[in-house]
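One structure below.
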Amino acid sequence: MPLAHRLRDLSAARLQGMLRGIEKESLRALPTGGLALTPHPAALGAPLTHPRITTDFSESQLELITGVHAGVEDCLDELTRIHQFVYRTLADRREGTGDERLWVGSMPCGLPTDETIPLGRYGSSNIGRAKSVYRMGLGHRYGRRMQTISGIHYNWSLPGLGNDEYFALIRNFRRHAFLLLYLFGASPAVCSSFVAGREHGLQTLAEFTRYLPHATSLRMGRLGYQSEAQATLAISYNSMDSYANSLHDALMQPYPAYEKIGIRNLGGEYNQLATTLLQIENEFYGTIRPKRVIHPGERPLHALRERGVEYIEVRCMDLDPFVPAGIAAGTVRFLDVFLLHCLLSDSPPDTPEEIAALGRNQHHTATHGREPGLRLERGGAPVLLTEWAAEMLQQCVPIAAALDVVHGSTAYAGAVAAAQAELAEPATLPSARMLSAMQRDFGGSYTAFVRAQSEQTRNHMLALPWSAQHQAAFEAMARVSVEKQQAIEAADTVDFETFRLAYLSEETLAPR
């Protein structure tokens with residue numbers, strides 16, 4: 001059935017029922033542009049249990065999480081309020097930070113030696129220890145520097161979708177994600193500390209800056225969240241069964257290189273949670289994931305198998321250093337249109353050959369996306385990236401119009417028109433604007449550019465109105481999170497090794 005017919009079949013009520021949430025990672029950085037090595041500020045609450053403020057890989061890497069919202073502006077307003085509380089806490093010298101700010105680039109600030117990047121800490125409970133051991137394992141497997149990359153995750157759902165429809169959407173998303181990297185990629189350069197001592201293939205822009213002239217998102221290229229081990233996986237998204245079974249195998253399959261690392265070192269300290277190809281489900285890197293809310297102690301794969309896909313998580317969005325919250329309202333609206341395009345378009349089954357081609361398309365776009373005449377692979381034949389992108393954007397026009405009708409606005413059409421304008425003028429893309437600003441104003445320095453944008457963002461957030469009620473609400477949330485962590489710690493009845501073996505057992509993955 002043509003896309004236009006499927007679009008007509010979507011009721012206004014279903015379009016209005018679209019829900020979204022945002023997760024945003026950011027490093028805490030010093031005014032010098034170096035990584036802050038201080039502990040997670042106590043006033044922000046307990047990362048294990050706080051619903052809005054946690055840490056990602058590192059103790060120095062905050063993750064800010066909105067609730068679920070029907071409105072784009074409501075979602076971004078909440079994300080801004082979380083930022084405001086964080087910035088005010090970081091500016092409070094009583095917290096021992098005072099001068100820290102959030103690094104607004106996806107690629108990290110100046111990093112210390114790999115082993116001194118602090119792992120996230122979550123208290124003494126078994127689940128808290130498991131989170132830290134998992135991060136220790138990531139460090140051993142991929143290096144800690146890679147894990148300090150930050151991005152935006154966009155969680156999205158539409159009423160009435162079943163597993164098959166969500167997986168059809170996911171297949172098309174993987175086919176077309178190059179467009180998001182091209183339009184919104186904002187990591188064309190890195191601080192040289194990120195690639196020190198490793199092969200990288202980047203060019204020198206300034207003394208401490210490495211880049212590629214036509215890159216869009218080095219974060220999503222081979223220098224980013226990539227793994228030789230995971231490259232052996234050809235996870236199929238043709239059905240819940242094919243996805244779940246292939247992920248299940250990766251969670252159970254021993255991997256020789258990780259077996260050499262071992263579960264524990266000679267001193268008895270844990271190196272990783274497991275020696276399998278994936279320690280847990282979250283280790284699987286992908287541009288998009290099927291998700292659902294899990295029960296306490298439940299494995300994510302079990303929840304999916306038992307109760308089906310509840311929403312999808314888009315994972316390929318860079319932080320936008322030109323926008324205080326890291327993502328603009330127009331970008332969010334474009335994502336809504338893009339995801340509906342993925343849902344409504346024909347979505348044939350994927351094949352191992354296509355999965356490999358999609359990987360090549362991703363890497364080419366990430367590293368050379370703005371190169372004139374760049375061709376990608378589509379259906380086994382070469383196609384100009386710009387030609388394919390133009391076709392897709394034109395197909396997005398009626399989808400945007402339908403969303404504008406139900407919301408009484410022109411904002412969705414504006415988001416698609418802005419994308420079309422950027423496609424026609426590549427110099428206006430975020431990745432190009434970053435390189436231009438770095439060369440024009442900062443002597444080609446990535447760190448100097450992002451440091452200046454981070455300072456500007458900090459000042460903007462601290463200057464926004466802030467009520468006593470908002471402050472009290474966040475302080476209460478922090479107190480409750482600490483109490484919840486203490487209750488979890490008090491409730492443990494078994495030692496960590498018993499907990500680890502039980503949590504990772506194959507029985508926890510199987511549907512009942």
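The values are calculated or read from the model by the stated rules, or taken from the named source; none is laboratory data. It should be emphasised that the depicted structure is a prediction, and the values quoted were computed from it without experimental measurement. So basically every Cβ, Gly included, is an ideal-geometry build from the backbone, and we count neighbours across all protein chains shown. Calculation scope for accessible area: heavy atoms of the full protein, side chains included, ligands and nucleic acids excluded. Shrake-Rupley method; radii C 1.70, N 1.55, O 1.52, S 1.80 Å.
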Item checked: Pairwise FRET efficiency - residue 265 versus residue 5, Cβ, R0 = 56 Å, nearest 0.05 -> 0.40
Margin query: Using C-alpha positions alone, give me the convex hull volume of the stretch 313-388 per residue in cubic angstrom.
Written below: 129
Note to self: I'm checking a number: the convex hull volume of the Cα atoms of the stretch 303-354, normalised per residue, in Å³. What is it?
What the structure shows: 150
Checklist line | residue 198 versus residue 163: modelled label distance in nm, points set 7 Å from Cα along the beta carbon direction | finding: 3.6
Next item on the list: Would you mind working out the accessible area per residue for the chain, using a 1.4 Å probe, and quoting it in Å²?
Entry: 40
Note to self: Give me the dipole magnitude in Debye, nearest 20, for the stretch 44-108 about the Cα centre, with unit charges on the beta carbon: positive for Lys and Arg, negative for Asp and Glu.
What the structure shows: 180
Item checked: Average Cα contact separation per residue, the chain, under 8 Å, 6 or more apart, as relative contact order % -> 22
Item checked: Top positive-direction residue, dipole computed over the chain with Cβ charges, set 406, 464, 153 -> 464
Next item on the list: In nm, give the distance between the simple-model label positions of residue 207 and residue 68, each being 7 Å from the Cα along the Cα-to-Cβ direction.
Entry: 5.2
Checklist line | Among 10, 58, 68 the positive-end extreme of the charge dipole of the stretch 1-100 (Cβ point charges) | finding: 10
Note to self: Using +1 at the C-beta of Lys and Arg and -1 at the C-beta of Asp and Glu, which of 297, 437, 252 has the Cα lying farthest in the positive direction of the dipole of the chain?
What the structure shows: 437
Checklist line | Estimated dipole of the stretch 358-512 in Debye, rounded to 20 [Cβ of Lys and Arg +1, of Asp and Glu -1, Cα centre] | finding: 480
Next item on the list: Can you pull the one-decimal nm distance between simple spin-label points at residue 498 and residue 32, each 7 Å off the Cα toward Cβ?
Entry: 4.8
Next item on the list: Would you mind pulling out the separation of the Cα centroids of the stretch 109-162 and the stretch 271-347, in Å?
Entry: 15
Next item on the list: Could you work out the relative contact order of the stretch 1-126, using alpha carbon pairs under 8 angstrom and six or more residues apart, expressed as a whole percent?
Entry: 32
Next item on the list: Would you work out if the stretch 69-140 is rounded, prolate or oblate? Take a ≥ b ≥ c from the square roots of the eigenvalues of the alpha-carbon gyration tensor; rounded if a/c is under 1.5, else prolate when a/b is larger than b/c, oblate otherwise.
Entry: prolate
Checklist line | Nearest-0.05 FRET efficiency for residue 441 and residue 295, computed from C-beta distance (R0 56 Å) | finding: 0.65
Note to self: Give me the extension gain from residue 381 to residue 460: residue separation times 0.36 nm, minus the current Cα-Cα distance, reported in nm with one decimal.
What the structure shows: 23.7 nm
Note to self: Just to verify a number: FRET efficiency for residue 417 and residue 487, C-beta to C-beta distance, R0 = 60 Å, to 0.05?
What the structure shows: 0.70
Next item on the list: Give, in nm to one decimal, the length gained when the segment between residue 132 and residue 12 is fully stretched (0.36 nm per residue of separation minus the Cα-Cα distance).
Entry: 38.7 nm
Checklist line | Hits among lysines - C-alpha to C-alpha of residue 291 under 26 Å, sequence gap 8 or more where chains match | finding: 24, 131, 484
Check: Relative to the present Cα-Cα distance, how much length would full extension add between residue 306 and residue 249 at 0.36 nm per residue of separation?
Finding: 18.8 nm
Check: Where a ≥ b ≥ c are the square roots of the eigenvalues of the C-alpha gyration tensor, would you call the stretch 12-144 rounded, which needs a/c under 1.5, or, failing that, prolate if a/b is larger than b/c, or oblate?
Finding: prolate
Check: After finding the eigenvalues of the alpha carbon gyration tensor for the stretch 113-269, what semi-axes result from the square roots of 5 times each, listed largest first in whole Å?
Finding: 28, 27, 16
Notebook entry, point to check: Nearest 20 debye, what's the magnitude of the dipole of the stretch 1-155 about its Cα centre given +1 on Lys and Arg Cβ and -1 on Asp and Glu Cβ?
Noted result: 320
Checklist line | Whole-Å semi-axes of the ellipsoid equivalent to the stretch 350-463 (Cα gyration tensor, √5λ, descending) | finding: 30, 24, 13
Next item on the list: With a 1.4 Å probe and every protein chain kept in, tell me what percent of the accessible surface of the chain is carbon plus sulfur.
Entry: 54
Checklist line | the stretch 179-230 shape via C-alpha gyration tensor axes, a/c threshold 1.5 | finding: oblate
Item checked: Largest to smallest principal axis extent of the C-alpha atoms in the stretch 271-404, angstrom -> 47, 37, 35
